[in-house]
Amino acid sequence: MDFEKLIPIIDQTREEVIGYRRQIHENPELSFEEVETSALVKERLEAWGIPWKSLAKTGLVGEIQGGLPGPTLALRADMDALPIQEETDLPFASKNPGVMHACGHDAHTANLLGVAKVLNQIKDQLPGRVKLIFQPAEEAGGGGRDVVKSGVLDDVDLALAFHVWVAPEGQIRIQEGNITAYSDAISLDIYGKASHSSRPKEGVDALFISSKVLDNLYSLKDRLFNPQDQYTLSLGKIHGGQAINILPDHIHIDGMIRSMDPKVRQDLKEMMEKIVQEIPRLYGGRGDFVFKEGYPSVYNDPSLQKIALDYLKNNYKSIVKDLNLGINPMYTQDYLIDNHRVELGSEDFGFYSQKVPSLFLWIGTGLGPQAHNNQFMINEDCLAYMTRLMVSLSIELLKTHKEERDEEK
Ligand SMILES: [Zn+2]
Ligand SMILES: [Zn+2]
């Protein structure tokens, strides 16, 4: 299937995808409340004759069976918005007070609708099957975990997802290996015995002990890890005490750790637990440590990354042709970034990448305020670009994955 011949078919969806994005942007819904968004997706899939099923409460999965034999590819778009009051002057700014699409999931959903329409039109020539996963609750609640639990990936061979990225239009961040962090919640409870401030020896000061615990936790990195081991430990909440003249008997602390390496994550968990339990004991108190597993790191499968990167190196010019995104075709190599520095953000696509070989790409949609900012905005001319990219990469991944498997036989 020649990509040049696909461009006119893809471009027919251009205005339509912009329309979906505006409609979704104007009507943002929080995690696991994506009722209207799902309804729009269902209505569109039905109009195009694509069968679908409900998935993970408010999500759904559509399925396109290609006319040629091949593997099964899952394409994932997340649909939820954030509890943020929008402060843009867009004519289609959020109509829901306090809720905003500030992470670009409106673009992801609209794009996947465009991709669905195109792939369905050319399905006779498609070498394999495509599952279109419209996922709820990426931001809060781990919809990705529920998607994997539902079994929808059990017969999937590979998965692909895009995320908008605050970067020049057209840039693609395409790296192998762990590309987002494991993000886990922790909580600490330090218990002592209350006493009057004039008689500290009669009590066990939980606040004093907490200061010793925190001091040890914060200095762990310097002495008990290698300088290359990357993680952040950020404690965001602390509660305790009732009066200025009473030494508190209980301090509660909540925070997050983010790490890139499963070994570092495990070591960190064990060392923190030890510190939180043993230091209070020295002073006659007690410490409890809770580690709540959050999103796993997104892992880009090296062979999928290579297939996609090689394909993009050879085809970038035709993919961006006539898109007017200000991309200089002389310097296409500058648009394919495969060595970006590690960032410790997290994404629940990590659940997918634990289950099947996966590829997650960041797509530059213009510079401006960062995601989760109340003025976050994308250049919507990038939607056509995203659709061209996802359609072409889907076909390439299906085709190449099939060829590799045929060779193995
Ligand atoms: Zn987000
Ligand atoms: Zn996001």
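State the three equivalent ellipsoid semi-axes of the chain, derived from the C-alpha gyration tensor as the square roots of 5 times its eigenvalues, in descending order and whole Å. If you can, show how the numbers build up before the last one.
On the way: eigenvalues 411, 107, 77 Å².
Here the semi-axes work out to 45, 23, 20 Å.
Restricting things to Cα coordinates, could you compute the convex hull volume per residue of the stretch 180-230 in Å³? Walk me through the numbers on the way to the answer.
Details: hull volume 4.8 nm³, N = 51.
Dividing the Cα hull volume of the stretch 180-230 by its residue count gives 94 Å³.
Just the number, please: percent antiparallel of the DSSP beta bridges in the stretch 182-295, rounded to the nearest 5. Can you show the working numbers first?
Details: 30 of 30 bridges.
Of all bridge pairs located within the stretch 182-295, approximately 100 percent are antiparallel.
Need the C-alpha centroid separation for the stretch 102-126 versus the stretch 308-340, integer Å.
Computed from Cα coordinates, the inter-centre distance equals 20 Å.
Please give every one of the aspartates and glutamates within straight-line cross-link reach of LYS321, meaning a C-alpha to C-alpha distance under 12 Å, and leave out same-chain neighbours fewer than 8 residues apart.
Once the sequence-local aspartates and glutamates are set aside, what remains near LYS321 is GLU4, ASP11.
Using 0.36 nm per residue of separation minus the Cα-Cα distance, give me the extension gain between GLN85 and THR232 in nm, one decimal. Working shown, then result.
On the way: separation 147, 0.36 × 147 = 52.92 nm, distance 2.82 nm.
Length gained, GLN85 through THR232: 50.1 nm.
Taking amide H positions as placed in the peptide plane 1.01 Å from N, state which residues far from VAL164 in sequence (5 or more) or on other chains have amide H under 5 Å from it.
ILE363
Rg/Rh for the stretch 182-295: what does it come to with C-alpha atoms and Rh from Kirkwood? Intermediate values should be presented prior to the final figure.
Details: Rg = 15.1 Å, Rh = 14.6 Å.
Taking Rg over the Kirkwood Rh, I get 1.03.
Rounded to the nearest 500, what is the 222 nm mean residue ellipticity of the chain from helices alone, with -39500 (n - 2.57) per DSSP H run of 4+ residues and division by all residues?
Details: 10 runs with 151 residues, N = 409.
-12000 deg cm²/dmol, from helical runs alone.
Please report the antiparallel percentage of DSSP beta bridges with both residues in the chain, rounded to the nearest 5. Present the calculation step by step, with values, prior to reporting the outcome.
Details: 46 of 67 bridges.
Percentage antiparallel, nearest 5: 70.
Placing +1 at every Lys and Arg Cβ and -1 at every Asp and Glu Cβ, with all other atoms neutral, what dipole size does the chain have around its Cα centre, in debye to the nearest 20?
On the way: 43 positive and 60 negative charges, 145 e Å.
So the dipole magnitude of the chain works out to roughly 700 debye.
Roughly what angle does helix 262-282 make with the longest principal axis of the chain, taking Cα atoms, 0 to 90 degrees, to the nearest 10?
20 degrees
If you count the DSSP beta bridges with both ends in the stretch 61-136, what percent of them are antiparallel, to the nearest 5?
Details: 6 of 14 bridges.
Counting DSSP beta bridges with both partners in the stretch 61-136, the antiparallel share is about 45 percent.
Can you find, among THR13, LEU90, PRO71, the residue farthest towards the positive end of the dipole of the stretch 1-98? Put +1 on the C-beta of Lys and Arg, -1 on that of Asp and Glu.
PRO71
Would you please put 208-217, 230-239, 308-317 in order of how densely packed they are, using the mean number of other Cβ atoms within 10 angstrom per residue and starting with the highest?
On the way: 208-217: 19.0, 230-239: 13.4, 308-317: 16.2.
So the peptides 208-217, 230-239, 308-317, ranked by packing, come out 208-217, 308-317, 230-239.
Setting aside same-chain residues fewer than 8 positions from LYS355, which lysines have a Cα under 22 Å from its Cα?
LYS53, LYS57, LYS131, LYS149, LYS263, LYS292, LYS306, LYS399, LYS402
Measure out, as a whole number of angstrom, how far apart the alpha-carbon centroids of the stretch 1-35 and the stretch 354-409 sit.
Here the answer is 14 Å between Cα centres.
Bear in mind these aren't lab numbers, they're just calculated from the coordinates by the rules spelled out. Note that the structure is predicted; figures quoted are calculated from it, not measured. Heads up, the Cβs are rebuilt from the backbone with ideal geometry, glycines too, and the neighbour counts pull from every protein chain shown.
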